[in-house]
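Novice: Sharing a structure here in structure tokens format.
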Amino acid sequence: MNIANWLEKAKTKVPSIDAELILLNILREKDRTYLISHDTRDLTEVEEEKANYYLNERAKNKPLAYIINSKEFYGREFYVDENVLIPRPETEDIIDIVKKIAENIDYPIIYDVGTGSGCIATTLKLEIPKAKVVAIDNSDKALEVAKKNSTELHSDIILQKSNLLNDALDRNIDIVAANLPYVDKSWDWLDFDSLEYEPLTALYASNDGLALIYELINQVSARPDIKHLILESDPSQHQKIIEYCNKKGLELVETRNFILYFVS
Ligand SMILES: C[S@@+](CC[C@H](N)C(=O)[O-])C[C@H]1O[C@@H](n2cnc3c(N)ncnc32)[C@H](O)[C@@H]1O
């Protein structure tokens with residue numbers, strides 16, 4: 001079967017963009033125009049078999065990122081599997097905010113709490129080479145993925161298993177960034193089907209999704225060294241988080257889509 005015929009068949013089962021991305025991944029090509037300029041190229045038996053397998057997985061609603069074990073974040077490809085959350089584009093705002101803060105600190109010490117795939121920590125170290133970046137997670141399996149990504153992308157970060165900042169070693173942390181679980185299982189407006197393959201421990205938190213965020217705010221507000229706190233959460237939670245931070249002596253500097261930036 002050639003590329004054009006396979007795509008035609010695949011598009012009856014999944015969105016055409018997914019069909020194209022499956023084939024590009026298998027053919028190790030990046031540019032979608034390749035599929036047009038080579039539409040009469042025959043797929044080998046191995047390529048076709050693999051493409052059909054990926055197609056059937058996608059048709060079962062498995063996210064493409066888990067099928068091809070890859071997701072782009074801030075312009076770089078990260079390995080992902082079902083032990084980590086798939087990096088989301090809204091999280092990229094954290095990188096821009098931290099980069100701006102770090103401009104005014106000589107050798108910033110930055111903690112990424114709940115690192116998952118390591119996308120935030122790995123990117124921050126590559127974007128801010130002068131920084132010391134520590135990536136924390138309480139999941140061994142997530143830390144393995146973060147290690148793989150930081151190694152493959154040559155990002156020299158420190159990985160640490162810890163419950164939030166409980167075991168943080170540095171006593172002079174400048175910036176804490178966190179995309180912690182913030183979904184509550186009771187939210188009836190959320191499309192839970194789209195989350196069914198992602199790790200429960202990366203998604204859900206109690207107390208309307210705010211339990212872990214509040215716990216981290218408590219830790220940060222008790223530490224005079226930590227001046228900057230950047231949190232991701234659903235915009236519907238922002239008002240409650242801002243009020244909680246204010247009570248703890250943290251002031252809002254900026255809201256950017258899903259991201260809140262506070263200073264102490
Ligand atoms: C929403 S995912 C975010 C992953 C990644 N930072 C990203 O933005 O794609 C949350 C991560 O926090 C971790 N986590 C959950 N509870 C934690 C805790 N108490 N302490 C440290 N990490 C935690 C989960 O294992 C998961 O990897």
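Novice: Could you grab me the full set of residues in the stretch 229-264 that are assigned to a loop (DSSP other than H, G, I, E, B) and either without any contact (Cβ under 8 Å) to a residue 40 or more places away in the chain or in contact with a Cys (Cβ under 6 Å, 6 or more places away or on another chain) (or both)?
Specialist: Lys248, Gly249, Leu250
Novice: Taking the options Ile175, Ile226, Ile213, Ile128, name whichever one is over 30 Å from Ala59 (Cβ atoms), within 14 Å of the ligand (Cβ to nearest atom) and in contact (Cβ under 8 Å) with a residue 24 or more places away in the chain.
Specialist: Being over 30 Å from Ala59 (Cβ atoms), within 14 Å of the ligand (Cβ to nearest atom) and in contact (Cβ under 8 Å) with a residue 24 or more places away in the chain holds for just one of Ile175, Ile226, Ile213, Ile128, which is Ile213.
Novice: Now a separate question. Which count do you get for residues in the stretch 1-33 that are over 19 Å from Ala65 (Cβ atoms), of a type in the set (A, V, I, L, M, F, W, C) and not in a helix (DSSP H, G or I)?
Specialist: Residues flagged as over 19 Å from Ala65 (Cβ atoms), of a type in the set (A, V, I, L, M, F, W, C) and not in a helix (DSSP H, G or I) within the stretch 1-33 amount to 1.
Novice: It is to be established whether one or more residues within the stretch 240-263 are in contact with a Lys or Arg (Cβ under 9 Å, 6 or more places away or on another chain) and surrounded by fewer than 17 Cβ atoms within 10 Å (Cβ to Cβ).
Specialist: Within the stretch 240-263, one or more residues are in contact with a Lys or Arg (Cβ under 9 Å, 6 or more places away or on another chain) and surrounded by fewer than 17 Cβ atoms within 10 Å (Cβ to Cβ).
Novice: Could you count how many residues in the stretch 85-138 are among the acidic types (Asp, Glu) and more than 18 Å from Ser150 (Cβ to Cβ)?
Specialist: Total satisfying the criteria: 5.
Novice: When both residues are 6+ apart or on different chains and their Cβ atoms are under 6 Å apart, which pairs have a first residue that lies in the stretch 68-84 and is over 18 Å from Ile94 (Cα atoms), and a second that is among the aromatic types (Phe, Trp, Tyr) and modelled with pLDDT of 95 or more?
Specialist: Pairs that qualify, where the first residue is over 18 Å from Ile94 (Cα atoms) and the partner is among the aromatic types (Phe, Trp, Tyr) and modelled with pLDDT of 95 or more, are Asn69/Tyr79; Glu82/Tyr66.
Novice: Consider Asp112 carefully, then state whether it is in the same structural domain as Gln160 (by TED's automatic domain parsing), within 16 Å of Lys161 (Cα to Cα) and without any contact (Cβ under 8 Å) to a residue 24 or more places away in the chain.
Specialist: Considered against the rule, which asks whether it is in the same structural domain as Gln160 (by TED's automatic domain parsing), within 16 Å of Lys161 (Cα to Cα) and without any contact (Cβ under 8 Å) to a residue 24 or more places away in the chain, Asp112 comes out as no.
Novice: Is it true that some residue in the stretch 76-86 is at negative phi, among the aliphatic types (A, V, I, L, M), crowded, with 18+ Cβ neighbours inside 10 Å and away from the ligand (no atom under 13 Å from the Cβ)?
Specialist: Checked the stretch 76-86: no residue is at negative phi, among the aliphatic types (A, V, I, L, M), crowded, with 18+ Cβ neighbours inside 10 Å and away from the ligand (no atom under 13 Å from the Cβ).
Novice: Moving on to the next point. Here are Asp225, Asp208: which of them is in the same structural domain as Pro181 (by TED's automatic domain parsing), over 21 Å from Asn172 (Cβ atoms) and in a loop (DSSP other than H, G, I, E, B)?
Specialist: Answer to the selection: Asp208.
Novice: Restricting the stretch 102-125 to residues that are in a loop (DSSP other than H, G, I, E, B) and among the acidic types (Asp, Glu), which is farthest from the ligand (Cβ to nearest atom)?
Specialist: Result: Asp106.
Novice: Condition test on Tyr244, is it in contact with a Phe, Trp or Tyr (Cβ under 9 Å, 6 or more places away or on another chain) and either over 23 Å from Asn83 (Cα atoms) or not assigned by TED's automatic domain parsing to the domain that holds Asp140 (or both)?
Specialist: When the stated conditions are applied, Tyr244 passes them.
Novice: Output the residues belonging to the stretch 156-173 that are surrounded by 15 or more Cβ atoms within 10 Å (Cβ to Cβ) and at negative phi.
Specialist: Ile157, Ile158, Leu159, Gln160, Ser162, Leu165, Ala168, Asp170, Ile173
Novice: Tell me the residue from Lys141, Lys130, Lys148 that is in a loop (DSSP other than H, G, I, E, B) and surrounded by fewer than 21 Cβ atoms within 10 Å (Cβ to Cβ), please.
Specialist: Step by step, each of Lys141, Lys130, Lys148 is checked, and only Lys130 is in a loop (DSSP other than H, G, I, E, B) and surrounded by fewer than 21 Cβ atoms within 10 Å (Cβ to Cβ).
Novice: Output yes when any residue across the stretch 188-196 is under 21 Å from the mean Cα position of the chain (by Cα), buried (at least 16 other Cβ atoms within 10 Å of the Cβ) and among the small types (Gly, Ala, Ser), and no when none is.
Specialist: No, every residue in the stretch 188-196 fails to be under 21 Å from the mean Cα position of the chain (by Cα), buried (at least 16 other Cβ atoms within 10 Å of the Cβ) and among the small types (Gly, Ala, Ser).
The values are calculated or read from the model by the stated rules, or taken from the named source; none is laboratory data. These figures come from a predicted structure and were not determined experimentally. Reconstructed Cβ throughout: ideal geometry from the backbone, glycine too, with neighbour counts over all protein chains shown.
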